[in-house]
Amino acid sequence: MKADAVSPDDKKMPLLDHIIELRNRLLWCVAGLIVVFLATFLLAATDIYNFLVQPLADILLAKGAQREAKMIFTDLTEFFFTKVKVSFFFAAFICAPLFLSQVWLFVAPGLYRHEKKALRPFLVATPFLFLLGAAMVYYLLMPMAWQFFLSFEQPGDAAAGTLKIVLEPKVNEYLGLVMMLIFAFGLAFQLPVILALLARVGIASSKGLARTRRYAIVIVFVFAAIFTPPDPISQLTLAVPIIALYEISILVARSIEKQKAKDKPALDEDADDDEEADETGGSLTKT
């Protein structure tokens, strides 16, 4: 890694110092996660779970006297550990900026100025896109999917000899499904960040992404089929935004390529200056 400015007094940072700094960064991440987890578990775990249940509760309560709106747990410890999972999931989400900032503080001293400038937008976009994916799950996908699955209930008719079939959701199974959907959408919405980074380092190009569009669409639908409930509405709700994000990624890659071509002379000059400084004063530096 190269520093922005290197003086003759600078010295190489020993490998042990790098390991110690990495350990300190990880300790900050773990400490922050533990503090937020404990605060969430003690103060807000039930409220957060009720928030996640709200889309299903709205549908069940709307049925009124037609059915009893409830959730069940069949193990004494089930709801306790469900609250633990809720708290950890929420704490990890809240601490994402802390994790990203610690990664940045560890990596940034070894980057050129233009490399720092190029990476900052991706660090900002990552949590924003994950939040956008989670919001789409909660406000769009879950109400439609739950309504679809509840349509399979049947009232039962003694005269016809049919039994009543109703949903009695378990708290841990419901949370597991919701967490899987949120994670799948949040991960899928990182597509522009991943492809833009690949374009930035020259691994991917806008022309290559455009040529492989048909294959990408097939992969997207396979991904949607794996990570969503087995109904067409859920799969389309995930697949269509990802395809749109793929098209946006092509535009972003094209913009990056134009900017790289425009800035190439200045970048080459900065690199030459830094290499000259390395030869006269040292190299890897972290203060």
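The values are calculated or read from the model by the stated rules, or taken from the named source; none is laboratory data. Keep in mind the model is a prediction, meaning the values are calculated, not measured. Here the Cβ positions follow ideal geometry from the backbone for every residue, glycine too, while neighbour counts run over all protein chains shown.
Against the definition (surrounded by fewer than 17 Cβ atoms within 10 Å (Cβ to Cβ), of a type in the set (S, T, N, Q) and part of a loop (DSSP other than H, G, I, E, B)), how does residue 74 come out, yes or no? Break it down stepwise before answering.
Values: surrounded by fewer than 17 Cβ atoms within 10 Å (Cβ to Cβ): yes; of a type in the set (S, T, N, Q): yes; part of a loop (DSSP other than H, G, I, E, B): yes.
So residue 74 passes the test.
Considering only residues that are modelled with pLDDT under 85 and in a helix (DSSP H, G or I), which ones fall in the range 221-238? Break it down into steps so the answer makes sense when it comes.
Looking only at the range 221-238, we keep the residues that are modelled with pLDDT under 85, and these are 223-238.
Selection gives 223, 224, 225, 226, 227, 232, 233, 234, 235, 236, 237, 238.
Just a yes or no: is a residue in the range 153-172 loosely packed, with under 13 Cβ neighbours inside 10 Å, under 20 Å from residue 233 (Cα atoms) and polar (S, T, N, Q)?
Scanning the range 153-172 turns up no residue that is loosely packed, with under 13 Cβ neighbours inside 10 Å, under 20 Å from residue 233 (Cα atoms) and polar (S, T, N, Q).
Going by what's in this entry, would residue 252 be described as in contact with a helix residue (DSSP H, G or I) (Cβ under 9 Å, 6 or more places away or on another chain) and either closer than 30 Å to residue 114 by Cα or touching a residue at least 40 places away in the same chain (Cβ under 8 Å) (or both)?
Criteria met by residue 252.
Restricting the range 107-147 to residues that are modelled with pLDDT under 85 and of a type in the set (Phe, Trp, Tyr), which is nearest to residue 33 (Cα to Cα)?
Ranking the candidates gives 122 first.
Residues 51, 37: which one is in a helix (DSSP H, G or I), crowded, with 17+ Cβ neighbours inside 10 Å and of a type in the set (A, V, I, L, M, F, W, C)?
Going through 51, 37 in turn, just one is in a helix (DSSP H, G or I), crowded, with 17+ Cβ neighbours inside 10 Å and of a type in the set (A, V, I, L, M, F, W, C): 37.
Being more than 21 Å from the chain's Cα centre (by Cα), surrounded by 14 or more Cβ atoms within 10 Å (Cβ to Cβ) and assigned to a helix (DSSP H, G or I), is that true of even one residue in the range 87-95?
The answer is no; no qualifying residue exists.
Condition first: closer than 13 Å to residue 55 by Cβ and of a type outside the set (Val, Ile, Thr). Can you find one or more residues in the range 110-126 that meet it? Quick ask: steps written out before the conclusion?
Start the filter on the range 110-126 by keeping residues that are closer than 13 Å to residue 55 by Cβ, which leaves none.
The answer is no, given that none of the residues of the range 110-126 is closer than 13 Å to residue 55 by Cβ and of a type outside the set (Val, Ile, Thr).
For the range 208-246, which residues satisfy the criterion of being touching a residue at least 12 places away in the same chain (Cβ under 8 Å) and more than 18 Å from residue 142 (Cβ to Cβ)? Talk me through it step by step, then tell me what you get.
Initially, the range 208-246 is screened for residues touching a residue at least 12 places away in the same chain (Cβ under 8 Å), giving 209-210, 213, 216-217, 220-221, 223-224, 227-229, 231, 233-239, 241-243, 245-246.
Within the range 208-246, 209, 210, 213, 216, 217, 220, 221, 223, 243, 245, 246 qualify.
Suppose we keep only residues that are within 27 Å of residue 100 (Cα to Cα) and touching a Phe, Trp or Tyr at 6+ places or on another chain (Cβ under 6 Å) within the range 20-72. Which one would you say is modelled with the lowest pLDDT?
Here the answer is 25.
Residue under question is residue 84, and the condition is that it be free of Cβ contacts under 8 Å to residues at least 24 places away in the same chain, over 23 Å from residue 149 (Cβ atoms), in a helix (DSSP H, G or I) and out of contact with any Lys or Arg (no Cβ under 8 Å at 6 or more places or on another chain); does it hold? Give the derivation first.
Numbers: free of Cβ contacts under 8 Å to residues at least 24 places away in the same chain: no; over 23 Å from residue 149 (Cβ atoms): yes; in a helix (DSSP H, G or I): yes; out of contact with any Lys or Arg (no Cβ under 8 Å at 6 or more places or on another chain): yes.
No.
Please determine, by comparing only the residues of the range 96-138 that are among the small types (Gly, Ala, Ser) and in contact with a Gly (Cβ under 8 Å, 6 or more places away or on another chain), which one is surrounded by the fewest Cβ atoms within 10 Å (Cβ to Cβ).
134
If I ask for residues that are at pLDDT 80 or above, in a helix (DSSP H, G or I) and buried (at least 16 other Cβ atoms within 10 Å of the Cβ), which ones from the range 198-220 would you list?
The answer is 198, 199, 206, 209, 216, 220.
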